[in-house]
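Below is one structure; the comments refer to it alone.
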Amino acid sequence: MKSNGYFGLLRHRTKGFSLLELMVAMLLGFIVIGGAIAVYLASKRSFTEGEQVASLSENGRFALQMLGYSARQIGFYGGANPADIRSDGMGTVIGDCTGTAAAYDTDNSFFAMRATSSVVAGCIIDAVPDTDVLVIKGVGTSPIYDADPEDPLAARDGLFSFPTGQWSSEQTYVIANSESGMLLDGGDTPPDVGEGSEFALSVAWPYRLQIYYIRDGVTPTLSRKVLAWDAEAESMSIQTEDLVHGAENMRFRFGYDSNNDGGVDTLTYLGDITAWNRVTSLQIFLLLASDVVDPGYTDQKTYRLGDITVSPADSVRRLLLHSDITLRNPRLILRGRG
């Protein structure tokens, strides 16, 4: 009897789960696993969104920085008035733009136009239609002097020799003082800048052409055409620089002196401007899109870029950037007229 009682107790203690208990345990397990999966997916979605927004923000800051820096130099020719700059028989530019966008046409140093097709100004063949194009001509930094401008006792010989070895035959320069200017090929002999000469105390500034536009492709890109040396052809040429991927559209609005009285009286767009030398401020609208499609996201926003609105309704995240820039040099010229 003891033996049967012992084995009976042992059989009772080693009894397994019932079907109901097993089903409850499985249900609880599924709930825990489902919760873990939901937390993982939510975290992944949040991480993806944060990563895309951060990338857009970083690209946007860079784009506005590039555009802003170039725009703030509009109208600056090292102290010379753009209208006073003459050309010294400049050579041919490979792939040069046409009309007012031509590389060495300093009479038209700043203007914008709309891309009605992929071809713009003869040198752009891949623009996104219905986007704005900004043309800026002027001079860059790092000028070359006759002598150290910080040393009043430095010997001056009328030659561009400071900093030493900076003059380049692969560069175009604007030789300028407060009264006159000349566009010069770096391969040519520069003028005498000694006292008593026409270009006395002039400075040699590196000449720049920049045409900003939205380039079409698998991923639309904020790009610019620049004037640069082509080593293979041994000539200046128009070359393309890609700046920011994912730029879908760009629009500009301008602060404009419509009655030429020295004061800005209207904010307007391309079609209403008849004299670009009266533009003294610039508003930039730039729409950036992520290069990653997120099936779990729908862009239901409407973006207003100045005079147009864009409603994508797709699965791509976007960021609309806006910047206001004062064009200091044109403003000074207008005030001087008043």
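The values are calculated or read from the model by the stated rules, or taken from the named source; none is laboratory data. Not measured: the values here are computed from a predicted model. Here the Cβ positions follow ideal geometry from the backbone for every residue, glycine too, while neighbour counts run over all protein chains shown.
Scanning the range 65-80 for residues that are in a helix (DSSP H, G or I) and surrounded by fewer than 18 Cβ atoms within 10 Å (Cβ to Cβ), we see that the one that is modelled with the lowest pLDDT is Arg72. Can you tell me which condition Asn277 does not meet? The list is (1) assigned to a strand (DSSP E or B); (2) surrounded by 17 or more Cβ atoms within 10 Å (Cβ to Cβ); (3) of a type outside the set (Asp, Glu), and all the others hold. Against the list (1) assigned to a strand (DSSP E or B); (2) surrounded by 17 or more Cβ atoms within 10 Å (Cβ to Cβ); (3) of a type outside the set (Asp, Glu), Asn277 comes up short only on (1). Look at (1) at pLDDT 95 or above; (2) surrounded by 15 or more Cβ atoms within 10 Å (Cβ to Cβ); (3) within 17 Å of Gly271 (Cα to Cα) and you find that Ala102 fails only one, number (3). Quick check on the range 210-223: of everything there that is part of a strand (DSSP E or B) and touching a residue at least 60 places away in the same chain (Cβ under 8 Å), which residue is surrounded by the fewest Cβ atoms within 10 Å (Cβ to Cβ)? Among those residues, the one meeting the criterion is Gln210.
In the range 126-170, the residue that is nearest to Gly78 (Cα to Cα) out of those that are β-branched (Val, Ile, Thr) and in a loop (DSSP other than H, G, I, E, B) is Thr141. The condition (being farther than 28 Å from Leu282 by Cβ, at pLDDT below 90 and surrounded by fewer than 12 Cβ atoms within 10 Å (Cβ to Cβ)) is satisfied by just one residue among Ala36, Ala54: Ala36.
Residues in the range 249-286 that are over 21 Å from Arg72 (Cα atoms) and not polar (S, T, N, Q): how many? Adding up the residues that qualify gives 3. Among the residues of the range 174-191, the ones that are surrounded by 15 or more Cβ atoms within 10 Å (Cβ to Cβ) and either within 19 Å of Asp148 (Cβ to Cβ) or touching a residue at least 60 places away in the same chain (Cβ under 8 Å) (or both) come to 11 in all.
The requirement of being in contact with a strand residue (DSSP E or B) (Cβ under 9 Å, 6 or more places away or on another chain), among the aliphatic types (A, V, I, L, M) and buried (at least 19 other Cβ atoms within 10 Å of the Cβ) is fulfilled nowhere in the range 251-272; no residue meets it. For the range 98-129, a tally of residues being free of Cβ contacts under 8 Å to residues at least 60 places away in the same chain and of a type in the set (D, E, K, R) returns 2.
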